[in-house]
Amino acid sequence: MKFYYRFAIFLFFFGVPISWLNLGLAQIQPQSVIPPVVQSVTGQGLAIADDNSCWVQYSRSFYEWRCANRYLPQSAQALALSIGVIEGRRSVLVIDSGATTKVGFHAATAVEARFPGRAIYVLNTQSKAPHFLGNYGFLQVLSGDLRQVSAFKGRFVAGKVIADEIAAKCPACIQSVVSLTGQEEIKPNEIVIPGFTLSRDKGNLGLIDSEWVNWRYEILPQITSSQTLFIRNTEENVYWLGDAVQKAVIPDLSGSSTINRLNYLVGLRSALQSGDIFVGSYGLVSSTWLNENISYLTQLQVSVFRGIEAGLSETELLRLLSQSIRAQKLNVNAQDIQRHQRNVIQIINELRRFTR
């Protein structure tokens, strides 16, 4: 019973009633008390920059480039992440560079065309390959014939630990993308390690260019990767969330701690105000998706905990929770179930460590 009381304290801080401790996952219902972020933006109309469907402008200086899907094979559409862009008078800051050199090249070409004559910086927010493998494509565009490659590596920015992790993981990091794209799509498979590093865990992006002083950053552990960099501008009410909030009935927990992810998402929800704009790797994020991510992760954690308390084996938990999710969400496919099962195994391992 000692474990039960320790975990009950955790549930209390997340506002989860102990009465939720049942093995089946309850149907997720969006919480209407949270103002719908998407309406605060679409109510004013999304501005399509340059009459080009690849661009969406969310505020005075923040844009999303959302055409990575055009440059990836059908097998790799899951890697078609959005790229954020902060416009300045002198410079442009690109948030993540895409999953392949090809994506990065086309994104860089689009950025140059949309913001001509301005210096381009690329900020890598985490060390997962789909967020930085496009760096080489940007480098091709930035440096022309590549004869002065070293002069442009300072245009690539990351937290110091994130940059070190990219260097440590690569070139093996390419394999996770190659498995979806095929070898030809990833060529050339050069890795560009960010040469401008942020040594502090929080601060403002004025460290890169003084005109970005109103953009704050914070690097947090185990939200979506071992470290993830988040950005916000409270004057423009814009938040860049990366892939912390996913537009999926079953979000992916890989690279995160469930408690850390929940803590971050609940904090977002409690701070959310009408007019706030959440954008991330999957585009505009509504409060509905924020609520569904929180509900799924909370209820799954509770269900796994209850199963462990009941003495169920990992195999039994996987079977029962897979049956439960199929019964409640009729539109789930085989990949969703596999992701769900990976989440279950991860939470089992986390809770077992919690009891030691």
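Structure summary
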{"item": "Summed residue charge, Cβ within 10 Å of Arg90's Cβ, Lys/Arg positive, Asp/Glu negative", "result": "0"}
{"item": "Residues of the stretch 114-145 with amide N under 14 Å of the 7 Å Cα→Cβ point at Gln57", "result": "114-116"}
{"item": "Computed lengthening from Ser176 to Glu236, 0.36 nm per intervening residue step minus Cα-Cα distance", "result": "18.0 nm"}
{"item": "Summed residue charge, Cβ within 9 Å of Ser127's Cβ, Lys/Arg positive, Asp/Glu negative", "result": "0"}
{"item": "Ser143-Glu350 pseudo-label distance in nm [points 7 Å out on the Cα-to-Cβ vector]", "result": "4.0"}
{"item": "Contour minus Cα-Cα distance for Thr197 and Lys169 (0.36 nm per residue)", "result": "8.4 nm"}
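Computed from the coordinates by the stated procedures, all read-outs in this text should not be read as laboratory data. It should be emphasised that the depicted structure is a prediction, and the values quoted were computed from it without experimental measurement. Neighbour counts are summed over all protein chains in view; Cβ atoms, including those assigned to glycine, are modelled from backbone coordinates with ideal geometry.
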